[in-house]
Amino acid sequence: MFDVIGSMRVVHAGEGTVVVGLKPTTRWAGRVALVLSLFVFWSLLGGPAWLLVFPMILVTLSTLVMTLERTIHFSKADGVAKVKEGFWGRSKEKTIPLFHVRAVMIKAKGKDAKLSSNFVCYLSLRAGGYVFIDESKRSAPLIKIADAICEQSGLRLEFDATLKTRSNR
C-alpha cells in the first residue's frame, strides 16, 4: 500500500546523463494527508487541547512527506553521481566518482520481512558500503531504473535473486 511513497523513477535519460528522482505520487500523498489532517485538526479545535496532539503530529508528518526531495544525477561526461536528498527545504548533496562505483545491484531480500519490499536496488561501492536507490515488491521497476543508469553511465548491472534464509538450528 505504501509502496508508492518514496518510490523512484527515471526523470531524464540521454546523452550520457541519467536523472533518477521521486515519483510525483509522493508529493500527492503528502498533500492529501495534509488536507485530511487539517480537516481533523479543525474539527477537533473546539474540544480539549490534548485531542489536538494527534492531528498536529499528522500535519507535521504529512508536510514532511510532501516536501521530500531525492534525486540521483549520473553524468558520464563528468564521471560522477550526485545524490541530493532532503526535506522541508533543507537538502544535502554528495558527489560520488563513478570509478568508486563497482556495480548497480538489484538484490532479493529474504521472506522473513513480510511488510518490507522483496527487492532492493543500490550502488555497490568499491571501498565498501552502498548508496541506496530504491526498493520494490517487484523487480521490474528496479530493472528499468538500473538499465537506464547502466546504459548511460557505463556501469555494470548485477542481479542477485537468490534468497538467503536462516538455517534451522
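The values are calculated or read from the model by the stated rules, or taken from the named source; none is laboratory data. Being a predicted model, the structure only gives us computed values, none of them experimental. A quick note on method: Cβ atoms are made from the backbone with ideal geometry, for glycine too, and the neighbour counts reach across all protein chains shown.
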Completion exercise
Of the candidates Gly46, Gly21, Gly86, the one satisfying the condition of being small (Gly, Ala, Ser) and not in a strand (DSSP E or B) is Gly46
Exercise for the section: Considering every residue within region 28-40, establish whether at least one is among the charged types (D, E, K, R), more than 15 Å from Ile145 (Cβ to Cβ) and in a helix (DSSP H, G or I). Expected result: yes
Completion exercise
The one condition Phe74 fails out of (1) assigned to a helix (DSSP H, G or I); (2) under 30 Å from Ala148 (Cβ atoms); (3) modelled with pLDDT of 85 or more is (1)
Handout entry: Cross-chain or 6+ apart pairs with Cβ under 7 Å, region 112-129 first and under 12 Å from Pro141 (Cα atoms) and polar (S, T, N, Q), then at pLDDT 80 or above and part of a loop (DSSP other than H, G, I, E, B)
Key = none
Practice task
Pull up region 12-63, narrow it to residues that are small (Gly, Ala, Ser) and crowded, with 17+ Cβ neighbours inside 10 Å, then point me to the one that is farthest from the chain's Cα centre (by Cα).
Solution key: Ser37
Practice task
Scan Lys92, Lys144, Lys107 and give me the residue that is under 16 Å from the mean Cα position of the chain (by Cα), surrounded by fewer than 10 Cβ atoms within 10 Å (Cβ to Cβ) and at pLDDT 80 or above.
Solution key: Lys92
Exercise for the section: Scan (1) of a type in the set (Asp, Glu); (2) closer than 18 Å to Ser153 by Cβ; (3) in contact (Cβ under 8 Å) with a residue 24 or more places away in the chain for the single condition Asp78 breaks and write down its number. Expected result: (3)
Practice task
Being touching a Lys or Arg at 6+ places or on another chain (Cβ under 9 Å), within 21 Å of Thr63 (Cβ to Cβ) and among the hydrophobic types (A, V, I, L, M, F, W, C) is the filter here, so list the residues in region 9-49 that pass it.
Solution key: Leu22
Practice task
Would you mind telling me which numbered condition in (1) touching a residue at least 40 places away in the same chain (Cβ under 8 Å); (2) among the β-branched types (Val, Ile, Thr); (3) over 24 Å from Lys144 (Cα atoms) Val101 fails?
Solution key: (3)
Problem - Failed criterion for Val83 (all others in (1) at pLDDT 85 or above; (2) more than 13 Å from the chain's Cα centre (by Cα); (3) of a type in the set (A, V, I, L, M) hold) - result: (2)
Practice task
Identify all residues within region 125-136 that are surrounded by fewer than 18 Cβ atoms within 10 Å (Cβ to Cβ) and modelled with pLDDT of 80 or more; write none if there are none.
Solution key: Leu125, Arg126, Ala127, Gly129, Tyr130, Val131, Phe132
